[in-house]
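Trainee: Starting off with a structure, shown below.
The values are calculated or read from the model by the stated rules, or taken from the named source; none is laboratory data. What you are looking at is a predicted structure, and each value in this text was computed from that prediction instead of being measured. As a convention, Cβ positions derive from the backbone with ideal geometry for all residues, glycine included, and neighbour counts pool all protein chains shown. With ligands, DNA and RNA removed, areas are computed over all heavy atoms of the protein, side chains included. Shrake-Rupley method; radii C 1.70, N 1.55, O 1.52, S 1.80 Å.
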Amino acid sequence: MNATRRSALALLLVLAPAAARAQAIPDHPDKLTFKPLAFEPPRARDHRVVLKNGMVVYIAEDRALPLVNIGLTVRVGRYLEPAGKEGLAGLTGMQIRRGGTRRLAAEAMDERLEFLAAQASSGISDTSGGAGLNCLKDNLDEALGLFVEMLKEPRFQEDRLALAKEQALQDMKKRNDDAENIEGREWGALVYGEGHFTNRFTTEASIRSITRDDLVAFHRKWYHPANMVAAVSGSFTRAEMIQKLEKAFAAWPTPVPQVPPVPATIAPAAAGLYRLQKDVNQGRVSMGLPTVKQDSPDIYALEVMNEILGGSGFGSRITRTVRSNEGLAYSAGSGIGFGVYYPGRFRAGFQSKSRSVAYATELVLGEIRKMRETPVTAQELDVVKSNLITTFPSSFGSVAQSMSVFASDEVTHRDPTFWVTYRDRIRAVTAAEVQRVAREYLVPEKLILIVVGDQKEIDKGDGTHDAVLAKLAPGGKDVTLALRNPMTMKR
């Protein structure tokens with residue numbers, strides 16, 4: 001066979017599969033077919049280990065990269081701060097990492113971690129604390145030792161604490177600079193109530209009152225291995241890693257602190273329109289109300305409902321109506337959350353030019369009413385349910401992510417069957433159920449509506465539509481709230 005014929009035959013062998021593939025391509029995307037996605041979530045019990053000190057660990061090998069990841073969840077939170085010491089939890093969580101250890105000054109700790117190419121972190125949020133370590137497997141022994149030392153014996157170096165407090169005070173002065181920050185802060189205060197612990201704001205007095213001794217006492221009270229849950233993954237053998245963890249935490253006393261439960265009660269503001277004056281050329285609008293906790297059987301229908309209403313991007317009703325059809329907002333939609341310790345919340349919102357705020361608000365309220373009054377279409381239901389089911393495996397997108405899910409579920413006591421039954425529960429949602437939960441939870445007369453912006457300009461309207469913001473006030477309640485003093489958080 002001469003060279004020309006050999007080349008032609010080689011080209012034919014290359015092109016033949018491509019030609020066959022081209023013949024199999026349908027003439028329209030709707031005709032594309034895919035094999036069913038076969039995915040079963042990993043089982044938490046296969047990865048759960050309890051160390052001798054009482055710490056629960058979810059552990060899995062992952063040799064894709066020569067790395068080790070450790071994430072700790074601590075049963076602690078801002079809700080445990082003493083009155084008058086608002087900011088103590090956040091400063092404690094931050095300074096556990098940034099303030100050095102008893103043996104190493106903060107600067108020496110930073111240098112050593114950098115030399116090891118290790119990343120360590122620590123923090124405390126509303127209802128939990130966290131700490132993390134990412135390091136090369138070859139440096140695991142020293143990095144893990146430093147990580148445990150950081151958690152067990154934080155130095156809370158005075159100059160680092162002073163710097164953090166000064167930064168907090170400087171940030172405090174900017175609280176009213178941005179309309180988005182004002183909206184988020186006041187929205188939370190209205191939905192959960194001024195007395196809810198999430199709305200106990202830091203003040204100049206509270207930050208200045210916090211001392212190193214306060215951090216030491218807060219840490220000593222809540223940071224113990226038996227009060228932690230770990231998620232561990234990376235390039236190691238399971239038995240070897242368990243042995244290393246046992247050794248690293250062995251010298252740490254393990255009393256089990258009696259952690260008070262997270263407060264479960266909320267006290268939402270009365271339904272109505274709440275305005276906050278801000279001299280900007282666009283208005284920010286949020287409307288919604290509390291929902292349910294994650295153990296409610298209604299969460300599946302509520303999730304589907306929200307996706308159709310405003311949670312699924314350009315395909316959702318609010319986005320299509322307010323942005324695509326009317327061009328009134330770049331971002332418009334809705335979101336829903338389900339609480340762990342207290343009810344979650346539903347929120348629909350957008351940002352629009354001042355003159356179009358009233359009309360856009362009317363449109364969003366109209367979509368909420370339609371969701372209550374008319375069953376969703378079969379196509380809407382099918383698209384949203386299919387998307388939720390198809391994207392379900394992303395919750396377990398990596399080994400580290402899977403272990404983190406299990407650790408979080410351990411702390412929050414989520415029903416262990418949740419992940420196993422989730423897709424079937426979504427499949428079972430009907431149009432009638434979507435309408436039922438919309439009628440039960442999205443009651444227009446009970447909505448809390450907040451508008452941040454230039455109220456005089458907003459009240460002028462767009463000159464084309466007859467929408468008037470005051471007439472849209474739920475229950476006829478129209479209240480103007482004064483901006484809080486950024487340093488005292490009093491109105």
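Trainee: Using alpha-carbon positions, what is the distance between the centroids of the stretch 88-144 and the stretch 310-360, in Å?
Mentor: Rounded to whole Å, the Cα centres lie 39 Å apart.
Trainee: Where the only charges are on Cβ atoms (+1 Lys, Arg; -1 Asp, Glu), what is the dipole of the chain about its Cα centre, to the nearest 20 debye?
Mentor: Numbers: 64 positive and 57 negative charges, 56 e Å.
That gives the chain a dipole magnitude of about 260 debye.
Trainee: Oh, and also: When the chain is fully extended, how far beyond the present Cα-Cα distance does Thr211 get from Val50, taking 0.36 nm per residue of separation? Don't skip to the end; give the middle numbers.
Mentor: Numbers: separation 161, 0.36 × 161 = 57.96 nm, distance 3.54 nm.
Answer, rounded to one decimal: 54.4 nm.
Trainee: Which FRET efficiency value, to the nearest 0.05, is calculated for Lys137 and Thr374 with the Förster distance at 56 angstrom and r the Cβ-Cβ distance?
Mentor: 0.45
Trainee: Given (i) 1.04; (ii) 1.15; (iii) 0.95 as candidate values of Rg/Rh (Cα atoms, Kirkwood Rh), which corresponds to the one derived from the coordinates?
Mentor: Calculated Rg/Rh (Cα atoms, Kirkwood Rh): the matching label is (i).
Trainee: Further question on the same structure: Report the gain in length on full extension from Lys174 to Arg112: 0.36 nm times residue separation, minus Cα-Cα distance, nm rounded to one decimal. Walk me through the numbers before you get to the answer.
Mentor: Values: separation 62, 0.36 × 62 = 22.32 nm, distance 3.50 nm.
The span from Lys174 to Arg112 would gain 18.8 nm if fully extended.
Trainee: If you don't mind, there's one more thing I want to ask. Counting residues in the stretch 130-180 as N, plug N into 2.2 N^0.38 Å and put the Cα Rg over that result. Spell out each step's value before the answer.
Mentor: Numbers: Rg = 17.1 Å, N = 51, 2.2 N^0.38 = 9.8 Å.
For the stretch 130-180, the normalised Cα radius of gyration comes out at 1.74.
Trainee: What is the list of residues in the stretch 300-327 whose amide nitrogen lies under 11 Å from a point 7 angstrom out from the Cα of Glu440, following Cα to Cβ?
Mentor: Only 300-302 pass the distance filter.
Trainee: So which helices of the chain fit the span-like rule, where a helix is a whole DSSP H run, its Cα atoms reach 27 Å or more along the axis, and its mean Kyte-Doolittle is at least 0.5? Write down the numbers at each step before the final one.
Mentor: Values: long enough: 3-24 (32 Å, 0.88).
Span-like helices here: 3-24.
Trainee: Calculate the translational D of the stretch 327-441 in whole µm² s⁻¹ from Stokes-Einstein, where the hydrodynamic radius comes from the Kirkwood formula applied to all Cα pairs, the temperature is 4 °C and the viscosity 1.567 mPa s.
Mentor: Working: Rh = 17.0 Å.
It diffuses with D of about 76 µm²/s by this estimate.
Trainee: Work out the charge dipole of the stretch 318-402 with +1 on the Cβ of Lys and Arg and -1 on the Cβ of Asp and Glu about the Cα centre, then indicate which of Gly337, Leu381, Gln401 is farthest towards its positive end.
Mentor: Result: Gly337, furthest along the dipole toward the positive end.
Trainee: Taking Cα centroids, how far is the stretch 454-491 from the stretch 150-199 in Å?
Mentor: Taking the Cα centre of each part, the stretch 454-491 and the stretch 150-199 sit 26 Å apart.
Trainee: Follow-up. Can you list, bin by bin at 5 Å, the percent of alpha carbon pairs in the stretch 261-392, starting at 0?
Mentor: Reading upward from the zero bin: 2, 10, 18, 20, 19, 15, 10, 6, 1, 0.
Trainee: Something else now. How much of the accessible area of the stretch 183-240, in percent, comes from carbon and sulfur atoms when a 1.4 Å probe is used?
Mentor: 54 percent
Trainee: What value, in deg cm²/dmol to 500, does the helix sum -39500 (n - 2.57) over DSSP H runs of n ≥ 4 give at 222 nm once divided by the residues of the chain?
Mentor: Working: 16 runs with 193 residues, N = 491.
Here the helix-only value at 222 nm equals -12000 deg cm²/dmol.
Trainee: Could you tell me which residue out of His47, Gly90, Thr488 lies farthest along the dipole of the chain toward its positive end? Charges go on the beta carbon: Lys and Arg +1, Asp and Glu -1, centred on the Cα centre.
Mentor: Ranked along the dipole, the leading option is His47.
Trainee: Compare the peptides 243-249, 416-422 by average per-residue count of other Cβ atoms within 10 angstrom and give them in order, highest first.
Mentor: Numbers: 243-249: 17.3, 416-422: 14.1.
Order by mean packing, descending: 243-249, 416-422.
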